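Reading through the structure tokens given below for one structure.
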Amino acid sequence: MKKLLVIAPYQYQPYFSGGQKSIAQFLDHLGKETNLTVISVSENDTSLIKTYKHLAWLKKRSSSKYFDLGLISKLTALINKEKFDAVIWEHPYYTWLAAIVKRRTGIKTVLHIHNIEYQRFQSTGKWWWSILRAYEKKFFRLADEILFVSPDDKKFAIEKWGINPEKCVEVAFGVEISKYSDDKSACHKAVKAIHKVSDDEAILLFNGLLDYKPNLDALMHILHEINPILFHHANFRYRIIVCGKRLPAELNELKEYAHKNVIYAGFVSDIEMYFKGCDLFLNPVQSGGGIKTKMVEAIAFGTTVITTETGAMGIHRDICGKKLVVVPDNGWNDFAQAVINNAAKVEITPPSYYEYYYWGSIVKKIL
């Protein structure tokens with residue numbers, strides 16, 4: 001059994017966002033197959049961690065944790081004592097530390113990339129994105145191996161930054177289920193009962209952390225661009241259910257849109273039931289970079305996704321079958337028509353999708 005060390009510099013248990021969920025599930029499955037130690041922050045609820053050792057060595061919510069010089073000696077001593085086979089760094093924010101630790105210990109250094117980070121911050125208007133680009137690129141060159149969630153990011157690294165293809169590996173954002181769900185009908189009825197949706201109304205779902213700008217922008221496109229087109233379509237009956245935490249207070253729980261077929265459910269404890277129970281998942285994302293984790297989950301739970309081109313970045317379209325419908329960015333008439341055309345269709349998620357995106361398969365590939 002391999003002995004691995006992971007550096008995860010943020011809270012991920014319990015998880016509230018797709019990124020947190022990805023880390024939590026990845027580490028849980030990795031811990032089942034390896035002797036795993038994770039160094040992270042004290043905000044994690046360790047009662048939720050079952051398969052690995054957790055060390056709360058990183059400072060709490062503060063950017064200063066990325067400049068903690070005391071980590072040099074602590075990490076070096078731990079690696080020399082425990083004889084880890086490799087260290088996996090989640091995200092490129094500790095480039096300086098990874099370089100020193102690698103030089104002092106010779107440990108195999110692996111970088112786990114969820115997005116090309118500088119692109120994500122460039123798309124959201126951060127002035128310092130170019131500084132991050134240089135810093136991130138340095139880690140790409142330093143790493144012995146890079147695990148890419150998105151095939152598009154892997155392609156970028158090879159073609160634009162000249163990274164050796166032999167050290168670039170696709171690992172995907174995973175899902176916990178390994179086959180098509182057999183309880184979709186029951187979930188469909190349950191969601192309709194909770195929100196008093198009529199039998200002849202389609203359920204359209206949007207979900208995400210709602211103070212994250214790409215998600216909030218996507219919600220605004222639904223409210224102001226897509227829904228008005230659907231609302232005035234005479235023969236299409238539907239409800240849009242919006243799930244997620246941290247909706248800005250000025251939107252007043254979307255009460256202004258309640259008479260326009262919009263339901264704000266807030267944070268729901270069983271989001272899987274909503275993924276299974278809806279007819280379509282809406283993904284009108286136009287910024288943010290990387291793979292949209294909620295889209296991967298929706299297809300895994302058997303729900304067809306209507307998405308923009310930007311929203312579809314990072315997913316393997318060829319294994320999605322008819323569960324992924326892609327329309328041009330800013331093409332809101334096309335988006336609305338795709339919703340109308342697909343709401344009543346029943347398509348099965350292909351078995352090849354689960355073979356690629358199931359966490360158990362992903363961890364085996366890494367090892």
Any residue in region 151-166 that's touching a residue at least 60 places away in the same chain (Cβ under 8 Å): show its pairings with residues that are surrounded by 11 or more Cβ atoms within 10 Å (Cβ to Cβ) and not small (Gly, Ala, Ser) at Cβ separation under 7 Å, as long as the two are six or more apart or on different chains. PRO151/GLU170; PRO151/HIS316; ASP152/MET313; ASP153/ILE113; ASP153/ASN115; ASP153/ILE116
Report whether or not GLU225 is open to solvent by 40 Å² or more (accessible area, probe 1.4 Å), within 23 Å of ALA338 (Cα to Cα) and acidic (Asp, Glu). yes
Residues that are aliphatic (A, V, I, L, M) and free of Cβ contacts under 8 Å to residues at least 24 places away in the same chain, drawn from region 220-248: MET220, ALA234
In region 191-220, which residues are open to solvent by less than 30 Å² (accessible area, probe 1.4 Å) and assigned to a helix (DSSP H, G or I)? VAL191, LYS192, PRO214, ASN215, ALA218, LEU219
Out of all the residues in region 235-242, is one or more over 26 Å from the mean Cα position of the chain (by Cα) and open to solvent by less than 90 Å² (accessible area, probe 1.4 Å)? yes
What about TYR135, is it closer than 29 Å to MET1 by Cα and either of a type in the set (Phe, Trp, Tyr) or open to solvent by 50 Å² or more (accessible area, probe 1.4 Å) (or both)? no
Residue list for region 138-190, filter: open to solvent by 10 Å² or more (accessible area, probe 1.4 Å), in contact with a Pro (Cβ under 9 Å, 6 or more places away or on another chain) and more than 20 Å from MET273 (Cα to Cα): LYS138, LYS154, ILE158, GLU170
Residues (out of contact with any helix residue (DSSP H, G or I) (no Cβ under 8 Å at 6 or more places or on another chain) and within 21 Å of ILE203 (Cβ to Cβ)) located in region 286-328: MET295, LYS322
For region 58-77, indicate whether the set of residues that are of a type in the set (Lys, Arg) and within 24 Å of LYS137 (Cα to Cα) is non-empty. yes
Regarding region 242-249, can at least one residue be identified that is within 20 Å of VAL305 (Cβ to Cβ) and part of a strand (DSSP E or B)? yes
Can you tell me how many residues within region 7-35 are open to solvent by less than 10 Å² (accessible area, probe 1.4 Å), touching a residue at least 40 places away in the same chain (Cβ under 8 Å) and part of a loop (DSSP other than H, G, I, E, B)? 3
Of the residues in region 279-326, those that are within 24 Å of LYS179 (Cβ to Cβ), within 12 Å of the chain's Cα centre (by Cα) and assigned to a loop (DSSP other than H, G, I, E, B) come to ILE291, LYS292, GLY314, ILE315
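The values are calculated or read from the model by the stated rules, or taken from the named source; none is laboratory data. None of the values given here were measured: they were computed from a predicted structure. Heads up, the Cβs are rebuilt from the backbone with ideal geometry, glycines too, and the neighbour counts pull from every protein chain shown. Each accessible area value is taken on the protein alone, full model and side chains, heavy atoms only, with ligands, DNA and RNA left out. Shrake-Rupley method; radii C 1.70, N 1.55, O 1.52, S 1.80 Å.
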